C-alpha cells in the first residue's frame, strides 16, 4: 500500500485546505446540484467594475517590440518602468521611495507576506499581530514556527497602550519581538482605521523596542467619507517599516500585481528569496499595470470602485438591520470591504457555516482571524455580491 504521508516534509504536513478553499469547494458541489451560493467570503473585486476598456486599449496598442518584452523573462524586482510608476503612485499617497532600490513587485500582496516570512522569521521568533487579524498573514507566518503574540483591536485599530503592555511582558520574559504585523487602514477583518496619533506611537515603540513593522495596505485607498491618514511607511524615518500593497482591490485581482517597499538591503534580500519561488512576474500584467498607472487610469478607478463599494455596504447594512438577531453587534465601516459581526454568545459560527452553505449563503467564521479562536464572530464581504 502506497503511504504518501511518509514523503511529506514537516512543512508539507502542516498544509491543509483553508476555510476559503473549503467554501469554494462547497460552492462547486452546490453548482453540480443545480443550486446557487451567495458568497460573502473573500475580498473579491466587484465584477462589473473591472477596467475592461482601458486594458483592452493598452493591449491593442502594444507594438511588436512591446510584445517581445511582454513574452520574455523579466526582472525579479519587477520592471523598472512599473516600479517607477508605483513609486509615483505611492508618492501621491504620502510615501516617498527610490524605485530602483526600495520597491519589489510581487504576485499580489500575499506573495509579499510569504517573502517577508521567509526572510525575517526563524522558529521561536516573536511576531506580534492584532486580535483579530488577517487569516492568511497568520498562515504565512506559521510556516516558519514563530511565537505569535496578540494585541487587541478596538474601534480605532490596534491599541498602543495594550501593545506597550505586551512589549513589557515580553521584556520581562527576556524576549524581543522581531515583527509587528498591522493592517492600519480599514483593517481586515474589522475595517477599523488606526488614528494618526496611534500610528506615531506604534513607530515610537518600534524604535524603543527594536522591532520591524510590517504595514499591509490593500484597503487604504477605499475610503467612503474621510481623508486618508498618511501610511505608516510615509511617517517612518528610521527604515523600520516593511510596506506592502496591491492593485487587487482597486484595479483587478487577476493582474496579480502587488509590491513591497522597504529599505534597500531588505528588498535585495527579499528579491533573492522571491527568485527561489517566482523568478519574475507575469509580463502581460506588468505591462498593463505600468500603462494603467502612466495614463492615470488607476487614480480614476479608485473613486469609481469606492462608490460601488459604498453603495453595497449600505445595502448590506440595511439587510442586516432587518434580518440579524437583536443581540448581534457590527461595525459601520468607513472604507474597505468587510463587515465584522459579533453574534450572540450562544452561537458557534464555525458550526453554523455548513447549514448556511446548504441554504445558499457562505461567510468566513471569525475564529479563523484569531491566533486563539473565538467562536461567535463572522466576517462578511460586500464588494463581490450583486
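When the residues of segment 212-239 are filtered to those that are assigned to a loop (DSSP other than H, G, I, E, B) and buried (at least 20 other Cβ atoms within 10 Å of the Cβ), the one that is modelled with the lowest pLDDT is 229.
When residue 279 is tested against (1) surrounded by fewer than 17 Cβ atoms within 10 Å (Cβ to Cβ); (2) assigned to a helix (DSSP H, G or I), exactly one condition is not met: (2). Looking only at residues in segment 289-326 that are outside any helix (DSSP H, G or I) and either modelled with pLDDT of 95 or more or under 22 Å from the mean Cα position of the chain (by Cα) (or both), the one that is surrounded by the most Cβ atoms within 10 Å (Cβ to Cβ) is 295. Taking segment 4-33 as the range and being assigned to a loop (DSSP other than H, G, I, E, B), under 29 Å from residue 335 (Cα atoms) and over 19 Å from the mean Cα position of the chain (by Cα) as the test, no residue passes. Scanning segment 334-353 for residues that are touching a residue at least 60 places away in the same chain (Cβ under 8 Å) and either in contact with a helix residue (DSSP H, G or I) (Cβ under 7 Å, 6 or more places away or on another chain) or loosely packed, with under 14 Cβ neighbours inside 10 Å (or both) yields 337, 339. Looking across segment 372-384, the residues that are touching a residue at least 60 places away in the same chain (Cβ under 8 Å) and buried (at least 17 other Cβ atoms within 10 Å of the Cβ) come down to 377, 379, 380, 381, 382, 383, 384. Of all residues in segment 332-362, those satisfying the criterion of being within 15 Å of residue 312 (Cβ to Cβ) and more than 16 Å from the chain's Cα centre (by Cα) are 332, 333, 334. In segment 73-81 there is no residue matching the filter, namely being surrounded by 19 or more Cβ atoms within 10 Å (Cβ to Cβ), within 20 Å of residue 256 (Cα to Cα) and free of Cβ contacts under 8 Å to residues at least 24 places away in the same chain. Of all the residues in segment 14-35, those that are surrounded by 10 or more Cβ atoms within 10 Å (Cβ to Cβ) and either touching a residue at least 60 places away in the same chain (Cβ under 8 Å) or over 24 Å from residue 381 (Cβ atoms) (or both) number 10. Counting only helices (runs of 4 or more DSSP H) that sit completely within segment 34-146, those holding 3 or more residues that are under 30 Å from residue 159 (Cα atoms), under 18 Å from the mean Cα position of the chain (by Cα) and assigned by TED's automatic domain parsing to the domain that holds residue 247 correspond to 108-120, 135-142. Looking across segment 338-369, the residues that are at pLDDT below 95, assigned to a loop (DSSP other than H, G, I, E, B) and in contact with a strand residue (DSSP E or B) (Cβ under 8 Å, 6 or more places away or on another chain) come down to 360, 363.
The values are calculated or read from the model by the stated rules, or taken from the named source; none is laboratory data. Given the structure is predicted, the values throughout are model-derived calculations rather than measurements. We place every Cβ from the backbone using ideal geometry, glycine too, and count neighbours over all the protein chains shown.
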